[in-house]
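For reference, the structure discussed in these notes is given below.
The values are calculated or read from the model by the stated rules, or taken from the named source; none is laboratory data. All values reported here derive from a predicted model rather than from experimental measurement. Cβ: placed from backbone, ideal geometry, glycine included. Neighbour counts: every protein chain shown.
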Amino acid sequence: MLSIIFLLLTTTSNVVDCQLWNTSDEILPWESYIQLSDIQRPLGLTIDRSSLAHHHFAIGYFCFHSFMYDEAHDAFNFAINITPTFIEAHIGKMLACKHALWLYTDFDCGLTAYNAIKLMLKTSNVTLSPFQSSLLSTVYQWYANQSSITVGEQAFLSSIANLSKSYPNETDIRVLWGLSLLNVAFENEFQGQIEPVPIIEAREILKTVLTIEPNHPGALHYLIHAYDVNQVDIAEKAADYALTFNKTVLTLSHAQHMPAHIWIRTGAWLLATSSDRSAIQVSLTLCATKLLNRLIRFSSIELESVLTQFNTTNQISSFLLCDAENRAHSTEWLSYSRLQTGDWLGSIALLNDLFIADNQSLLTPNHYLPFAYRTQARAIVDLFFWYPYNNQFLNKIQPLLAFNEEQSLIFFE
């Protein structure tokens, strides 16, 4: 009994400790909204909780591991503005120029960040440690060969593996090693393989991280990706990681969405619905808080009602640009999960939200349109399962016909 009480007290202490920053009054409202969990020595840095620059950095690195790249860049920039020689924040910016697993590398962004580091080192008295120098050289590999992303990813993988082996106590570097293996596993070379060798290696490396840091957000996140394959008995092995990640990263949309990858694979539709609804809700809250510079919470995820908070077309456009990829992705997935649970009107309501975002975002090219196309296509496929049942078919087709009057996506005879 005493051991159980001790475990509970220790766990509670760890959770509270995640929030103990002496600088909480000095960060922006959207940063305050993000509930941090601990990463021991991120990028090899010993965090100083009395440092405002470190607080911004911790937020940025937390966002990076949850694929919230714009927020990561913003927070890293805040840290650098306070401490221009903050090498880990500079390296964090470089890392966030690569959208790992999304097949996107922003070479201009990465090289600009790298050149800023070289200039800072030239004009300051800062001397990098061997570890920092090796880490900088490793991250540079992603951007060194602009003619081939694949070559850069292979070079990064080789370098980060060597760095992790040279500094075995830096568990966060091991997480980047696991991420790099997943990056390589998703390349064309391994297409068609359910479990290519790099994915199996990534799983083992990331599992060793969790034995030391059981709530490391990056390790949990990437393990979900590592088990997100089209085979139920494999995907279900990530159920515990999905549950833990969902409770570890509460206020970032992609993190709330990620468990749905496993729930959909395993047919847990209600859990998938809950994950994506939460993802949309925290995305709306974060973006509204960021834009209006005050905490705003939404009980509804209906986009029309949310947009009433904004007064101008430019505000609406800026809001719809914020976290657009993650929120549109979660909206598409939630619409699909609602179809599977029989919530036809709820699914169509989300299609309507994508159309509204499409019409009011002023993005060129329009970011939301592909998500709207796919969402509508799934609704139509589902609709024709009901074709033999005349009344149900007619009831379900009416909401889609309403869209046909305004959107030239699919025409019905």
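Hey, residue 292 hits all of (1) on the phi > 0 side of the Ramachandran plot; (2) more than 20 Å from the chain's Cα centre (by Cα) but one; which does it fall short on?
In the conditions (1) on the phi > 0 side of the Ramachandran plot; (2) more than 20 Å from the chain's Cα centre (by Cα), residue 292 misses (1) alone.
Does residue 49 satisfy the criteria of being in contact (Cβ under 8 Å) with a residue 60 or more places away in the chain and surrounded by fewer than 19 Cβ atoms within 10 Å (Cβ to Cβ)?
Considered against the rule, which asks whether it is in contact (Cβ under 8 Å) with a residue 60 or more places away in the chain and surrounded by fewer than 19 Cβ atoms within 10 Å (Cβ to Cβ), residue 49 comes out as no.
Just for the range 57-74: of the residues that are of a type in the set (Gly, Ala, Ser) and in a helix (DSSP H, G or I), which one is farthest from residue 27 (Cα to Cα)?
Among residues in the range 57-74 that are of a type in the set (Gly, Ala, Ser) and in a helix (DSSP H, G or I), the one farthest from residue 27 (Cα to Cα) is 72.
Does the range 87-96 include one or more residues that are assigned by TED's automatic domain parsing to the domain that holds residue 191, in a loop (DSSP other than H, G, I, E, B) and within 15 Å of the chain's Cα centre (by Cα)?
yes
Which of the following residues is outside the structural domain of residue 337 (by TED's automatic domain parsing), surrounded by fewer than 24 Cβ atoms within 10 Å (Cβ to Cβ) and closer than 26 Å to residue 140 by Cα: 232, 184?
184
Which residues, taken from the range 315-357, are farther than 17 Å from residue 254 by Cβ, surrounded by fewer than 21 Cβ atoms within 10 Å (Cβ to Cβ) and either acidic (Asp, Glu) or free of Cβ contacts under 8 Å to residues at least 12 places away in the same chain (or both)?
342, 343, 346
Counting just the residues of the range 360-400 that are of a type in the set (Lys, Arg) and either modelled with pLDDT of 70 or more or assigned to a loop (DSSP other than H, G, I, E, B) (or both), which one comes out nearest to the chain's Cα centre (by Cα)?
374
Considering (1) of a type outside the set (Asp, Glu); (2) in a helix (DSSP H, G or I); (3) touching an Asp or Glu at 6+ places or on another chain (Cβ under 9 Å); (4) free of Cβ contacts under 8 Å to residues at least 24 places away in the same chain, say which one residue 77 fails and leave the rest.
Of everything listed in (1) of a type outside the set (Asp, Glu); (2) in a helix (DSSP H, G or I); (3) touching an Asp or Glu at 6+ places or on another chain (Cβ under 9 Å); (4) free of Cβ contacts under 8 Å to residues at least 24 places away in the same chain, residue 77 misses just condition (3).
Answer yes if at least one residue in the range 268-281 is surrounded by fewer than 17 Cβ atoms within 10 Å (Cβ to Cβ) and either among the β-branched types (Val, Ile, Thr) or over 19 Å from the mean Cα position of the chain (by Cα) (or both), and no otherwise.
yes
Does residue 162 count as surrounded by fewer than 20 Cβ atoms within 10 Å (Cβ to Cβ) and either assigned to a loop (DSSP other than H, G, I, E, B) or within 23 Å of the chain's Cα centre (by Cα) (or both)?
No; evaluated as a whole, the condition is false for this residue.
Give 277, 294, 265 a once-over and let me know the one that is out of contact with any Gly (no Cβ under 8 Å at 6 or more places or on another chain), among the basic types (Lys, Arg) and over 28 Å from residue 210 (Cβ atoms).
Of 277, 294, 265, the one residue that is out of contact with any Gly (no Cβ under 8 Å at 6 or more places or on another chain), among the basic types (Lys, Arg) and over 28 Å from residue 210 (Cβ atoms) is 294.
Going through 179, 121, 157, 101 one at a time, which residue ends up being surrounded by 14 or more Cβ atoms within 10 Å (Cβ to Cβ), part of a loop (DSSP other than H, G, I, E, B) and among the aliphatic types (A, V, I, L, M)?
Answer to the selection: 101.
Which residue pairs have Cβ atoms under 6 Å apart, sit 6 or more places apart or on different chains, and have a first residue in the range 136-160 that is of a type in the set (Asp, Glu) and a second that is in a helix (DSSP H, G or I)?
153/183; 153/184
All but one of (1) modelled with pLDDT of 95 or more; (2) farther than 16 Å from residue 218 by Cβ; (3) among the aliphatic types (A, V, I, L, M) hold for residue 160; state the number of the condition that does not hold.
All conditions are met except number (2).
So if I check each of 199, 173, 212, which one is farther than 28 Å from residue 80 by Cα and touching a residue at least 40 places away in the same chain (Cβ under 8 Å)?
Answer to the check: 212.
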